[in-house]
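Colleague: Below is one structure. I have some questions about it.
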Amino acid sequence: MAESLKLKARDMQPSKVLIAIPAYNEEKRIEPVVHSCLATGSEVWVIDDGSMDLTAECVQKDGGVVIRHGENMGKGKAIRTALDAFMRSEHEFLIFMDADGQHDPSFIPAFVQCARHSSAGIVVGNRMHSTVNMPLVRRWTNRFMSWLISCLAGRRIPDTQCGYRLVSRAFVERFRPTTDRFELESEMLIQAGKLGFAVESVPISTIYAGEASHIHPFVDTLRFIRMVIRYLFRSSHAA
């Protein structure tokens with residue numbers, strides 16, 4: 001099913017598409033990611049989140065643009081940096097991808113086609129149609145989190161935890177983030193639903209190769225719970 005959505009780069013007006021890749025110490029894996037993204041004709045910006053290796057040099061060697069944080073500030077802050085830079089550009093769509101090679105750039109045109117046909121504020125990759133290779137704990141965590149975020153957003157979103165996603169300029173103009181950590185990705189979906197934007201999904205494949213997570217199990221879980229409670233509180237008062 002996912003294979004049918006791998007479209008050709010000529011179908012998507014690449015000059016309108018910006019790829020943003022948050023990265024931290026990814027010199028060993030980021031170069032082929034950047035190379036594959038550039039091959040679609042899109043512009044590629046890597047948010048180097050205080051890397052202490054040669055991540056920036058690897059990106060620039062292939063023709064990618066590097067936006068550097070002076071110190072490691074976390075993925076959420078890197079996303080906010082990308083959003084700010086996107087709004088100062090003339091691109092129509094911003095697509096986020098991970099730097100570790102989990103996301104297949106050949107699906108980029110499918111995200112753009114879906115956004116154009118649906119006028120969605122966000123298009124999220126959906127890995128849940130084929131979970132054979134997904135670690136069991138991640139699979140059940142994703143299902144629970146997707147149910148919870150879908151309830152808060154008022155939209156059915158099969159895979160809310162997927163970082164491979166497209167955001168439109170119309171959505172980013174109205175998005176008002178209150179977080180700058182990992183929970184920011186969930187907050188984007190919640191606000192999109194509450195602002196009345198459609199949230200669409202496209203099936204994608206994902207490559208699992210034992211990537212190390214940068215999520216702090218205790219602290220980031222507490223931050224996520226706090227954000228959820230805040231939106232639940234707002235919803236109950238709005239009712």
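Colleague: Any idea which of Val112, Val123, Val137 is within 19 Å of Val199 (Cβ to Cβ), among the aliphatic types (A, V, I, L, M) and in a helix (DSSP H, G or I)? Even if it seems obvious, please write down each step before you answer.
Modeller: On the way: Val123 fails: in a helix (DSSP H, G or I); Val137 fails: within 19 Å of Val199 (Cβ to Cβ).
The unique qualifying residue is Val112.
Colleague: I've got another one for you. I'd like to know if segment 140-149 contains one or more residues that are touching a His at 6+ places or on another chain (Cβ under 9 Å) and either buried (at least 19 other Cβ atoms within 10 Å of the Cβ) or modelled with pLDDT of 95 or more (or both). Even if it seems obvious, please write down each step before you answer.
Modeller: Taking segment 140-149 as the starting set, the residues that turn out to be touching a His at 6+ places or on another chain (Cβ under 9 Å) are none.
Checked against the condition, which is being touching a His at 6+ places or on another chain (Cβ under 9 Å) and either buried (at least 19 other Cβ atoms within 10 Å of the Cβ) or modelled with pLDDT of 95 or more (or both), segment 140-149 yields no hits at all.
Colleague: Continuing with the same structure: Which is of a type in the set (A, V, I, L, M), in contact with a helix residue (DSSP H, G or I) (Cβ under 6 Å, 6 or more places away or on another chain) and at pLDDT below 95, of Ile204, Ile225? If you could, list the steps in order and put the result at the bottom.
Modeller: Working: Ile225 fails: in contact with a helix residue (DSSP H, G or I) (Cβ under 6 Å, 6 or more places away or on another chain).
None of the others qualify; the one that does is Ile204.
Colleague: State all residues of segment 185-203 that are of a type in the set (A, V, I, L, M) and outside any strand (DSSP E or B); if no residue qualifies, say none. If you could, list the steps in order and put the result at the bottom.
Modeller: Taking segment 185-203 as the starting set, the residues that turn out to be of a type in the set (A, V, I, L, M) are 188-190, 192, 195, 198-199, 202.
Within segment 185-203, Met188, Leu189, Ile190, Ala192, Leu195, Ala198 qualify.
Colleague: Right, next: Against the conditions (1) in contact with a Leu (Cβ under 9 Å, 6 or more places away or on another chain); (2) among the charged types (D, E, K, R); (3) within 21 Å of Ala99 (Cα to Cα), where does Glu185 fall short? Just the number, please.
Modeller: (1)
Colleague: While we're looking at this one, here's another question. Given the conditions (1) in contact with a Ser or Thr (Cβ under 9 Å, 6 or more places away or on another chain); (2) at pLDDT below 95; (3) buried (at least 20 other Cβ atoms within 10 Å of the Cβ), report the number of the one that Gly74 does not fulfil.
Modeller: (1)
Colleague: Let me ask something else about it. Exactly one condition in (1) closer than 21 Å to Arg223 by Cβ; (2) touching a residue at least 40 places away in the same chain (Cβ under 8 Å); (3) aromatic (Phe, Trp, Tyr); (4) not in a loop (DSSP other than H, G, I, E, B) is not met by Phe182; state its number.
Modeller: (4)
Colleague: Within segment 151-168, which residues are in a helix (DSSP H, G or I) and out of contact with any Leu (no Cβ under 8 Å at 6 or more places or on another chain)? Working first, answer last.
Modeller: Within segment 151-168, the subset in a helix (DSSP H, G or I) is 151-153.
Across segment 151-168, the qualifying residue is only Cys151.
Colleague: Looking at Asp104, is it of a type in the set (D, E, K, R), surrounded by 18 or more Cβ atoms within 10 Å (Cβ to Cβ) and in contact (Cβ under 8 Å) with a residue 40 or more places away in the chain? So that I can check it myself, show each step before the final result.
Modeller: Numbers: of a type in the set (D, E, K, R): yes; surrounded by 18 or more Cβ atoms within 10 Å (Cβ to Cβ): yes; in contact (Cβ under 8 Å) with a residue 40 or more places away in the chain: yes.
Criteria met by Asp104.
Colleague: Tell me which residues, restricted to segment 44-61, are crowded, with 18+ Cβ neighbours inside 10 Å, part of a helix (DSSP H, G or I) and not polar (S, T, N, Q).
Modeller: If the condition is that a residue be crowded, with 18+ Cβ neighbours inside 10 Å, part of a helix (DSSP H, G or I) and not polar (S, T, N, Q), then Ala56, Cys58, Val59 are the ones that fit.
The values are calculated or read from the model by the stated rules, or taken from the named source; none is laboratory data. A quick note: this is a predicted structure, and the numbers were derived from the prediction, not measured. Note that we place each Cβ from the backbone using ideal geometry, even for glycine, and neighbour counts take in every protein chain shown.
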